[in-house]
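Enquirer: Right, I'll just put the structure down here and ask away after.
The values are calculated or read from the model by the stated rules, or taken from the named source; none is laboratory data. Owing to the predicted nature of the structure, the values given are computational and were not obtained by experimental measurement. Reconstructed Cβ throughout: ideal geometry from the backbone, glycine too, with neighbour counts over all protein chains shown. Heavy atoms of the whole protein, side chains included, go into the accessibility calculation; ligands, DNA and RNA do not. Shrake-Rupley method; radii C 1.70, N 1.55, O 1.52, S 1.80 Å.
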Amino acid sequence: MAHAGLAIKQLGLVDYLVTWQAMKDFTNSRTEQTNDEIWLLQHPPVYTQGIAGKPEHLLYNNQIPVIKTDRGGQITYHGPGQLIVYLLLDLRRLKLGIRELVRRMENAVIDLLKDYHIEAKGRIEAPGVYVDNAKIAALGLKIKRNYCYHGIALNVDMNLKPFSAINPCGYAGLQVTQTKSLGITDGLDILSQKLSDKLQQNIF
């Protein structure tokens, strides 16, 4: 059930560049009357490098494309079996600053994992969500005219090997994990609905 004035869209497996352009188009054309949207999707294998990203954090070429994007942060990996949640929000209307929004996004993932009796936490120096020092969710946002886009990538049931070709989010040797490895048997469909609910509870 979507919050009033919020549209939730299930987009399936979609190309990164096409989706990024759609987010920019939506943000550029929206007005104060435009409803916020949450997009739930997956991407084919791709590395995305944030505006602060350094090329040396890609350790070797494994033929997976690297796209320089406009979100904050360093380099990360997206692939099938990872839940992507893009948040297209009016921060002025929500009365939210960027730091507070990031904290609430992290808390939504932490609350989700808590339902499965898994303790997770955020880090001030490295946005994202961690379980026993392994990263399970990455965050990145772009703010333009008090509107945001990009969002959260939650590892669910994916091939984690491509993470070994990068310093995830700029941290050498950072371990990554996923919900399946933590014993969560619910798949993408259930987790996407639950995370959408948690984000609404934390943000709206």
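Enquirer: Given the structure, is K142 more than 18 Å from Q42 (Cα to Cα) and crowded, with 18+ Cβ neighbours inside 10 Å?
Expert: Details: more than 18 Å from Q42 (Cα to Cα): yes; crowded, with 18+ Cβ neighbours inside 10 Å: yes.
Answer is yes for this residue.
Enquirer: Among the candidates D157, D197, which residue alone is under 23 Å from Y16 (Cβ atoms) and of a type in the set (D, E)? Full working, then the answer.
Expert: Values: D197 fails: under 23 Å from Y16 (Cβ atoms).
Answer to the selection: D157.
Enquirer: Let me ask something else. Only residues that are within 30 Å of N62 (Cβ to Cβ), over 15 Å from the mean Cα position of the chain (by Cα) and not charged (D, E, K, R): list them for region 119-157, please.
Expert: A120, V131, N133, A134
Enquirer: Of everything in region 147-199, what is hydrophobic (A, V, I, L, M, F, W, C), out of contact with any helix residue (DSSP H, G or I) (no Cβ under 6 Å at 6 or more places or on another chain), part of a loop (DSSP other than H, G, I, E, B) and open to solvent by less than 30 Å² (accessible area, probe 1.4 Å)? Give them in sequence order.
Expert: M158, I184
Enquirer: Would you check if there is a residue in region 174-182 being of a type in the set (A, V, I, L, M, F, W, C), modelled with pLDDT under 95 and touching a Pro at 6+ places or on another chain (Cβ under 8 Å)?
Expert: Going through region 174-182, the residues of a type in the set (A, V, I, L, M, F, W, C) turn out to be 174, 176, 182.
Imposing the further condition that a residue be modelled with pLDDT under 95 reduces the set to 174.
Keeping just the survivors that are touching a Pro at 6+ places or on another chain (Cβ under 8 Å) gives 174.
The answer is yes; a qualifying residue exists.
Enquirer: Give the number of residues within region 113-130 that are touching a residue at least 12 places away in the same chain (Cβ under 8 Å) and open to solvent by 80 Å² or more (accessible area, probe 1.4 Å). Lay out the reasoning, then the answer.
Expert: Just the residues of region 113-130 that are touching a residue at least 12 places away in the same chain (Cβ under 8 Å), to begin with: 113, 115-116, 118-120, 122, 126-129.
Add one more test, that the residue is open to solvent by 80 Å² or more (accessible area, probe 1.4 Å), and what stays is 115, 119.
Qualifying residue count for the region: 2.
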